[in-house]
Amino acid sequence: MPVYVESGPRGRLQFVRGGSQRSQRNSDGELLNQAEETISDLNTRVSYAEEQLWRLQNVEADFQAFRNAHRNCGDLRVAIEMRDAELTALERDLADERERAERYRERLRLVRRQSGSRERYRERLDVANREIQDLSVRLTRKDEDLVRINGLALRRDDMIRLQERRLAERDARIEFLSARLRRFGYVGD
C-alpha cells in the first residue's frame, strides 16, 4: 500500500498510508512539489541555525576577551571551555546536516531526470519522504540544542556582568582605603 504526504489539520506534513481521496487526486508532480517545499523549509531552518551559530560565535569571542581580562575567574573559564566543546559539537552536527540535505537535493535531481515506472517513482518518493522526516526530527533537535545553548550564553553573560560589577566595587573600595591611608600618613605619595 503506498504512502502519501498530506497536510495535517494544523498545516504540518504527515505521512498517510493507503488512498485517501485527497492523495488520490494528487499527481506525482504535486507530490514532488510538496517534497521541494519541504526541502525549502528545511533550508530556511538550516539558515536560521547558521545565523544562531554565528551569534554564538560572537558570544564566544566576547567570552575570550573576558577570559583574557580576568584570568583569576577559574569557574568561568571551566564553564566557557564546556560551552566551547558544546559549540564545536554543534558545528560538527550542523555540517553533517548540511551534507545530508545536499545528498537529498542530489537524489531529488536524479529522480527528476530518471524515467521509469510509476511504482519505482513511488518507492523513491517514499524513501525521500522518510529522509525528510529524519531531517525534520534532527533539525528540531538542533533547534532545541540552540535554545539550550542560548540560555547558557545568557546565564554566562549575567555571571560576567556580576563579576565585572564585583571587580569595580572592589577597585573602588581599594581606591577609597588607599586614599584614606594616604590621608592619615600610612602610605607615602
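Things to note:
- Any chance residue 134 is part of a helix (DSSP H, G or I), under 19 Å from the mean Cα position of the chain (by Cα) and within 30 Å of residue 42 (Cα to Cα): yes
- Subset of region 30-63 [open to solvent by less than 50 Å² (accessible area, probe 1.4 Å) and polar (S, T, N, Q)]: 34, 38, 52
- Condition check for residue 172: under 30 Å from residue 55 (Cβ atoms) and of a type in the set (Gly, Ala, Ser): no
- Taken as a whole, region 138-146 holds no residue that is surrounded by fewer than 11 Cβ atoms within 10 Å (Cβ to Cβ), assigned to a helix (DSSP H, G or I) and hydrophobic (A, V, I, L, M, F, W, C).
The values are calculated or read from the model by the stated rules, or taken from the named source; none is laboratory data. This one's a predicted model, so the numbers in the text were calculated from it and none came from an experiment. Counting neighbours? That spans all protein chains shown, and the Cβs are built from the backbone with ideal geometry, glycine included. Accessible surface areas use protein heavy atoms only, side chains included; no ligands, DNA or RNA. Shrake-Rupley method; radii C 1.70, N 1.55, O 1.52, S 1.80 Å.
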